[in-house]
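The values are calculated or read from the model by the stated rules, or taken from the named source; none is laboratory data. Predicted model, so just to flag it, every value in this text is computed and none were measured. Reconstructed Cβ throughout: ideal geometry from the backbone, glycine too, with neighbour counts over all protein chains shown. Heavy atoms of the whole protein, side chains included, go into the accessibility calculation; ligands, DNA and RNA do not. Shrake-Rupley method; radii C 1.70, N 1.55, O 1.52, S 1.80 Å.
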Amino acid sequence: MRSRIFTLTAVLALLPAAVSSSHAQGSDPSFPALPSIPFDTTGPVIQAHTEVLKPFTVAGERGVFLGQQDGTFESWILPAKVLSHLIIEADVEDYSVPIDVNQQSAQIEVRPDRTIITYSHIAFTVRQIMFSPADAPPGTGPVVLFQFDCLHPTEFTFRFTPELRWMWPERNEGVPGVEWVAPGPNASERPGGFYVLHSDYPGFAAAVTIPGARPGILAPYQERPQVYPVELKLHIDPIRDQGKLYPLLMAIGTDREAANSGNLAATLEKLNAAIPGLYKTQSETYKKLLANSVSIETPDKSLNEAFQWAVISIAQLKTKTIPGQSSARTATNAGAPGLDSQTWDEETALVAGYYASGDSARPGFGWFFGRDALYTLYAVNGYGDFDLSKSELEFLIRRQRADGKIMHEYSQTAAAIDWLQFPYMYAAADSTPLFLLATLDYVRASGDTAFLTAHRDAIEKAWAFETSHAPGPDQGGNGIYENTQGTGWVESWPGGMPHQEIYLALLDQQASAAMAQLEELDGNKDASAAAKLRSETIKKTIDSQFYDQDKGCYAFSRNPNASLDRTTTVYPALAWWSSPSVTSNSTYLAHPDGCLQQLASHTLNTDWGLRDVSNEDKIYDGMSYHQGSVWPLFTGWAALAEYRGNQPLAGYQMLMENANLTWAQDLGADTELLSGDFFVPFGRSTSHQLWSSAMVITPTLRGLFGLDIDARTKTITVNPHLPANWDRAEIRNIKVASESVGLTFLQSKGELTVSFTTPPPSGVKLASTQTGTKSLPNQSITIPRPVVAVVPFFRRPSPGDRTRSIRVLKESNAQRQLSLALEGPAGAQLEIPLVLSAPAPRLHVDGAELQTPPPDGEPGSPAISVQFPPGEGWKTKTVTLSW
């Protein structure tokens, strides 16, 4: 890790003396401490004791803090890193021991609008309050406020590493020079001075200060080069400063005028004065977000909260782009035509995630990814932010390659460099079919058919690219999109890269079905029929060419010689990604059962999510990025597959594995990937990952509740799989085009009733495709419940745990019979509650022991007690209940 101090090798000849009496324009800046702000205390909150190495992220459209729970952090005014490794030391009057304040971190509090770290010592309490306002003044970004409660006068020293580095891959030159600009004689009370961080170029500089602070060591030019810390020293008087807020003010200039010391000072001044208003707007923005977004209310408080935090997590990853001009040069990686030359103003789009950059200039996946955003838009459409979905799709369209390919990766500094000289922008093949899928999902959910008209050319170009890169038998192919156009999922693979992954084949099949609907919506019947036929043909080809009869599921990939890579993977789960209304067929695969059991087994499914490769395969490595790690993204795919495959017990386990990650690392957000063997994230895992949080929302709405919305016909289809022991659940603020409705789910002994919470807007109606559904005169529907149902179960793992939970491989309902295929560690025992419809049937149980409530005991539901055989490893057991 980089040193937390600044190495002064030379003072730049262009700089003035190390200490200036006033800044360049001659007026005295004023940044006084702020009075206390009325912080909002309503809404969701996570409070926990700090764990020093765990990360936190405070992200917004213009800046981000990336740190650890000991309070150290790096600060970005996007797209540049201003400083890093900020640490605090305290010297208490008449207390001779210097105190490392970061070692005193005691509590972290995460709210939608701010994060607070509290340091607790017998001599003081310090609160570090951080937020990242979207409307920060130009040249500024995130804000941190320090609040001090001291028993004695205390000198606080803030040390940091000056960075002044553009985000990768923009070039960075040299170590910044540091100049202290002192206040002049006309300065107001305790304004202090400020540091200017100078680059080698006059058009790039930053300024940093705390009101009332003094500089630390400032080496004169004559001194030999050696290491000195960069410090801000702040004296706190316990009476005078009680309740005040001391902001760490940061500003950046990216042209010669803005980088002038006087203008930087003015920017700091403007930021300081704006902070109370910025926070108020920040608080109101998140209140509005939550008030207008879909929310759920179920008997499971943790699921309700995880869902809400997932909405917040996605919103926090909206980021402003720098204005620029796309390159018209040819992409060197494929010899394909480049972007059409165009310019655009500042945009807002989703970045893939954030994590501390360390010595680098890459803050996790803090740049724009096509496929990450496209998977996430299903969640965004689900919670109803259609403006965000539309702007994200248009962001990708503006960067669509001339031949129709959709971008994969776009750095926050891409507009400032020749980005096409790097091999990343169109490296992946999957963004193009995902674009077609996400476009249809947006149009169906929002009803915005005008989007199709406005962007007909982009949609047709994407479709042409996909279909023209799927060689038929006369060209040595099988008519399905291939990895020759970029990576499918894996970016490395033992024995060489795959030729045609099942992942890409399944996306091609579903994108073809999506294109059929897009063409139909646009009135092109012949084109719609052709796309639909292509989807059906691909589906048959997948079954004939990828099915592995020995494993009962589908192979990982197909080689050019038609042989198969039979590695057991999570990727067949993609077959269930699109709803039946898109595929026009509820049978997602010709042989689904073996795949659903494969996904649920301990060989793929850990207690914290799905591995990509089975731990029984010879290539498996639980520490490998692509051959064994757990991704919440995969868990979301699999959870949706299990729900749509009528396996809700397995679906619930997987959904809760993702929901549980809300509190596992970066509080309020799901991480990128975890070990395949132990419950612990990778050290390099991007801790605030866009699509990981999305995979709490999508399986909840589209799997657990079975929600599917067609805004054009104002139809809400529900195929719910609620836990048997839930008596009630609600979904609030469901968006149907521009209107909002709420749904209530009531479970009685014999049926589930779904109704509107309040009378719905004109024309909005409910439907379900579940067998036995009845419509009622009051616009409600009833769905029959099973006579005997099993209550789903989930065990929260502890840090460092191995997988040891009992899992449901398959549940089968037949006439007067329920069968469960279970898997568990040798010797494991579990009691599983049952819910019986009235009148309660007389049960007969094979493979387990029936536990009934004692006649004179507490009333309750019956249960079955399952005992797995002794021995080693994992055992399977079948339990059959008949009546």
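Of all residues in segment 360-391, those being of a type in the set (Gly, Ala, Ser), open to solvent by 10 Å² or more (accessible area, probe 1.4 Å) and assigned to a loop (DSSP other than H, G, I, E, B) number 4. Kindly check whether there is at least one residue in segment 679-694 that is open to solvent by 10 Å² or more (accessible area, probe 1.4 Å) and closer than 22 Å to Pro786 by Cα. Within segment 679-694, none of the residues are open to solvent by 10 Å² or more (accessible area, probe 1.4 Å) and closer than 22 Å to Pro786 by Cα.
Those residues that are touching a residue at least 40 places away in the same chain (Cβ under 8 Å), assigned to a loop (DSSP other than H, G, I, E, B) and either surrounded by fewer than 21 Cβ atoms within 10 Å (Cβ to Cβ) or aliphatic (A, V, I, L, M) (or both), I need them from segment 598-609; list them, please. Scanning segment 598-609 gives a single hit, Ser601. Selection within segment 499-543: residues that are touching a residue at least 12 places away in the same chain (Cβ under 8 Å), acidic (Asp, Glu) and assigned to a helix (DSSP H, G or I). The member of this set that is most open to solvent (accessible area, probe 1.4 Å) is Asp543. In segment 262-276, the residues that are closer than 22 Å to Ala134 by Cβ reach residues that are assigned to a helix (DSSP H, G or I) with C-beta atoms within less than 9 angstrom, at least six apart or across chains, in these pairs: Leu271/Leu278.
Asp612: open to solvent by 10 Å² or more (accessible area, probe 1.4 Å) and not aliphatic (A, V, I, L, M), yes or no? No: the conditions fail for Asp612. Could you tell me whether Thr698 is in contact with an Asp or Glu (Cβ under 6 Å, 6 or more places away or on another chain), modelled with pLDDT of 95 or more, open to solvent by less than 20 Å² (accessible area, probe 1.4 Å) and β-branched (Val, Ile, Thr)? For Thr698, the condition - in contact with an Asp or Glu (Cβ under 6 Å, 6 or more places away or on another chain), modelled with pLDDT of 95 or more, open to solvent by less than 20 Å² (accessible area, probe 1.4 Å) and β-branched (Val, Ile, Thr) - is not met. Is there a residue being within 30 Å of the chain's Cα centre (by Cα), at pLDDT below 95, assigned to a helix (DSSP H, G or I) and of a type outside the set (A, V, I, L, M, F, W, C) anywhere in segment 585-597? Looking through segment 585-597, none of the residues is within 30 Å of the chain's Cα centre (by Cα), at pLDDT below 95, assigned to a helix (DSSP H, G or I) and of a type outside the set (A, V, I, L, M, F, W, C). If only residues of segment 746-757 that are touching a strand residue (DSSP E or B) at 6+ places or on another chain (Cβ under 8 Å) and in a loop (DSSP other than H, G, I, E, B) are counted, the one that is least open to solvent (accessible area, probe 1.4 Å) is Gly750. Might you let me know whether segment 637-653 holds any residue that is buried (at least 24 other Cβ atoms within 10 Å of the Cβ), more than 23 Å from Val791 (Cβ to Cβ) and at pLDDT 95 or above? Yes, segment 637-653 contains at least one residue that is buried (at least 24 other Cβ atoms within 10 Å of the Cβ), more than 23 Å from Val791 (Cβ to Cβ) and at pLDDT 95 or above. Screening Ala328 on (1) modelled with pLDDT under 95; (2) among the small types (Gly, Ala, Ser); (3) more than 29 Å from Glu672 (Cβ to Cβ); (4) open to solvent by less than 60 Å² (accessible area, probe 1.4 Å) shows it passes everything except condition (4). A single entry from Ala48, Ala134 fulfils the requirement of being open to solvent by 30 Å² or more (accessible area, probe 1.4 Å) and in a strand (DSSP E or B): Ala48.
Among the residues making up segment 421-441, those that are part of a loop (DSSP other than H, G, I, E, B), hydrophobic (A, V, I, L, M, F, W, C) and farther than 12 Å from Arg399 by Cβ are Phe422, Ala427, Ala429. Restricting attention to segment 221-236, the residues being surrounded by 14 or more Cβ atoms within 10 Å (Cβ to Cβ) and more than 20 Å from Val144 (Cα to Cα) number 2. Here Pro98 meets each of (1) without any contact (Cβ under 8 Å) to a residue 12 or more places away in the chain; (2) in contact with a Gly (Cβ under 9 Å, 6 or more places away or on another chain) with one exception, condition (2).
Annotation: of all residues in segment 392-416 being assigned to a helix (DSSP H, G or I) and of a type in the set (Gly, Ala, Ser), the one that is surrounded by the most Cβ atoms within 10 Å (Cβ to Cβ) is Ala414.
Taken over segment 466-477, the criterion of being open to solvent by 20 Å² or more (accessible area, probe 1.4 Å) and either part of a loop (DSSP other than H, G, I, E, B) or free of Cβ contacts under 8 Å to residues at least 12 places away in the same chain (or both) is satisfied by Ser468, His469, Pro471, Pro473, Asp474, Gln475, Gly476.
Among the candidates Ala251, Ala310, Ala291, the residue that is of a type in the set (A, V, I, L, M, F, W, C) and under 22 Å from Leu83 (Cα atoms) is uniquely Ala251.
To keep it simple, each residue is scored yes or no on (1) of a type in the set (S, T, N, Q); (2) at pLDDT below 95; (3) under 16 Å from His408 (Cα atoms); (4) open to solvent by 10 Å² or more (accessible area, probe 1.4 Å).
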| site | (1), (2), (3), (4) |
| --- | --- |
| Ala429 | no, no, yes, no |
| Thr432 | yes, no, yes, no |
| Phe435 | no, no, yes, no |
| Asp441 | no, no, no, yes |
| Arg444 | no, no, no, yes |
| Asp448 | no, no, no, yes |
| Ala454 | no, no, no, yes |
| Glu460 | no, no, no, yes |
| Ala464 | no, no, no, yes |
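For segment 654-687, the set of residues classified as β-branched (Val, Ile, Thr) and part of a loop (DSSP other than H, G, I, E, B) consists of Thr671, Val680, Thr686, listed by residue number. Give me the pairs, please: first residue somewhere in segment 800-813 and farther than 20 Å from Gln829 by Cβ and among the charged types (D, E, K, R), second residue anywhere and open to solvent by 50 Å² or more (accessible area, probe 1.4 Å) and at pLDDT below 95, beta-carbon distance under 8 Å, and either six or more positions apart or on two chains. Cβ pairs passing all conditions: none. Of the candidates Leu271, Leu248, Leu218, Leu317, the single residue that is over 30 Å from Asp385 (Cβ atoms) and open to solvent by less than 10 Å² (accessible area, probe 1.4 Å) is Leu248. Across segment 758-776, the qualifying residues are those that are open to solvent by 70 Å² or more (accessible area, probe 1.4 Å) and in contact (Cβ under 8 Å) with a residue 24 or more places away in the chain, and the one among them that is farthest from Ile832 (Cα to Cα) is Lys765. Where strands (runs of 3 or more DSSP E) fall wholly inside segment 777-848, the ranges with 1 or more residues that are open to solvent by less than 30 Å² (accessible area, probe 1.4 Å), touching a Gly at 6+ places or on another chain (Cβ under 9 Å) and closer than 30 Å to Thr757 by Cα are 781-784.
All conditions but one from (1) under 25 Å from Ser512 (Cβ atoms); (2) in contact with a Leu (Cβ under 9 Å, 6 or more places away or on another chain); (3) not hydrophobic (A, V, I, L, M, F, W, C) apply to Gly364; the one that does not is (1). Evaluate the following for Glu223: is it charged (D, E, K, R), in contact with a helix residue (DSSP H, G or I) (Cβ under 7 Å, 6 or more places away or on another chain) and assigned to a loop (DSSP other than H, G, I, E, B)? The answer is no for Glu223.
Can you spot a residue in segment 717-734 that is modelled with pLDDT of 95 or more and among the basic types (Lys, Arg)? Looking through segment 717-734, at least one residue is modelled with pLDDT of 95 or more and among the basic types (Lys, Arg).
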